[in-house]
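The values are calculated or read from the model by the stated rules, or taken from the named source; none is laboratory data. Predicted, not measured: the structure shown is a model, and the values here were computed from it. Counting neighbours? That spans all protein chains shown, and the Cβs are built from the backbone with ideal geometry, glycine included. What goes into the accessible areas is simple: the full protein's heavy atoms, side chains included, and nothing from ligands, DNA or RNA. Shrake-Rupley method; radii C 1.70, N 1.55, O 1.52, S 1.80 Å.
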Amino acid sequence: MATIDYYAVLGVERAASDADIKKSFRRLAQQWHPDVNKDAAAPERFKEINEAYQVLSDPERRQRYDLFGTADLGDAAAGFGGFADIFDAFFGGNAATGRRGRPAGGADLRYDLRISFEDAILGTEQEIEFPVLGRCDTCAGTGAKVGTSPTTCPQCNGRGEVRQVRQTMLGQMVNVAACPRCKGDGTIVETPCPTCHGEGRTERKRTLRVTIPPGIDEGHQIRISNEGEVGRRGGPAGSLYVAVHVAPHPELRREGTELIYDARIGLAQAALGTRIGVPTIGGDEEVVEIKPGTQPGTEIRLRGKGVPHLRRSGVRGDLHVLVDVEVPARLSKAQREALEAYAEASDEPVSDGSGLLGRVREKLG
Ligand SMILES: [Zn+2]
Ligand SMILES: [Zn+2]
């Protein structure tokens, strides 16, 4: 049963949407219309493109084609030799490996994207540029020189695999392997396209706008299907994985959806109260009230000033202000006198700077 890969003909992947198929058909039909294209192969190619579109644009026929490799029910029945073949199509052979008899899919790509702390929280759009193997424009991915088309592999008759039947003591053994002639493609290219040397793909620079959703974090990956390498000879494209790396913030730390700010205040500020400025993301500095008598380790929570939840829109974490009270390591004369006066007023025994308990000794003496 000779099969044409309708997806390859239209240059779309197997999961292509109806809109993609229509778009691709329009472009190719214009390109290959015999009135426009004087290539000897144009009428045949145009016919193929039409045929592919007739099948792939009809949901029922497309499904049948996906399952049986033909859109025609009569053909499907005739194509199967018996129960074993049908069984193979669903559980073994073509269906299970998924690739044999049609071009293999292209590789996935990874792009490392560095963004700022703010962009990770607020979301951003970034333009990225990377080299990728794309569909060859000259041959539309078939790998065949313009005017020729790939032909069904004579060794495997387009199945992409060969079977060896051996008689053993346990009975008949069937060995299935990728066809050595076409390497599993099911088709061979007699006259390779000179641009891509029969590969059906060429390297080019791709520029892409990537939307980074608010709340993304270090190590997250964004998968963009179809933007990886295109497969050989019209095989479906792999995915592009954008791995996100987030730069640190000079003052804020992040734990999931929560932001943390370490605030250091002085002894007197903790005791008497004060106001401090706390940096926020996507807004002005927030003025935060430190109440008189604030203890070291106090946590002040600024609700909704954290990181947006990636999957629950409208939900944002909090900004936690962790208050640390700084004890001065060195004192000026004025500071020392003020603190000694404070110690005396609160009846706290303190050392005299030499490490001895001055006031206590004074009292004892
Ligand atoms: Zn073959
Ligand atoms: Zn080519």
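Brief remarks on what is shown
- Being charged (D, E, K, R), outside any loop (DSSP other than H, G, I, E, B), within 16 Å of ligand 1 (Cβ to nearest atom) and open to solvent by 10 Å² or more (accessible area, probe 1.4 Å) is not true of ARG206.
- PHE80 vs. criteria modelled with pLDDT under 80 and open to solvent by 70 Å² or more (accessible area, probe 1.4 Å): no
- Any hit, segment 92-103, residues being in contact with a Lys or Arg (Cβ under 8 Å, 6 or more places away or on another chain) and at pLDDT 90 or above: no
- Screening GLY293, GLY282 for residues that are assigned to a loop (DSSP other than H, G, I, E, B) and modelled with pLDDT of 95 or more leaves exactly one candidate, GLY293.
- When restricted to residues that are without any contact (Cβ under 8 Å) to a residue 12 or more places away in the chain, more than 30 Å from LEU122 (Cα to Cα) and not in a helix (DSSP H, G or I), segment 304-357 contains 15.
- Search result, residues across segment 165-190 that are free of Cβ contacts under 8 Å to residues at least 24 places away in the same chain, under 23 Å from THR152 (Cα atoms), of a type outside the set (A, V, I, L, M, F, W, C) and more than 8 Å from ligand 1 (Cβ to nearest atom): ASN175
- Residue that is surrounded by fewer than 12 Cβ atoms within 10 Å (Cβ to Cβ) and either under 45 Å from the mean Cα position of the chain (by Cα) or at pLDDT 95 or above (or both), where the choices are VAL307, VAL321, VAL287: VAL287
- Entirely in segment 220-260, the strands (runs of 3 or more DSSP E) that have 3 or more residues that are surrounded by 20 or more Cβ atoms within 10 Å (Cβ to Cβ): 240-246
- You will find that of GLY134, GLY200, GLY143, the residue that is more than 30 Å from ALA247 (Cα to Cα), within 16 Å of ligand 1 (Cβ to nearest atom) and touching a strand residue (DSSP E or B) at 6+ places or on another chain (Cβ under 8 Å) is GLY143 and no other.
- Residue list for segment 17-48, filter: open to solvent by less than 50 Å² (accessible area, probe 1.4 Å), assigned to a helix (DSSP H, G or I) and within 19 Å of ASP5 (Cβ to Cβ): ILE21, SER24, PHE25, LEU28, ALA29, TRP32, ARG45, PHE46, GLU48
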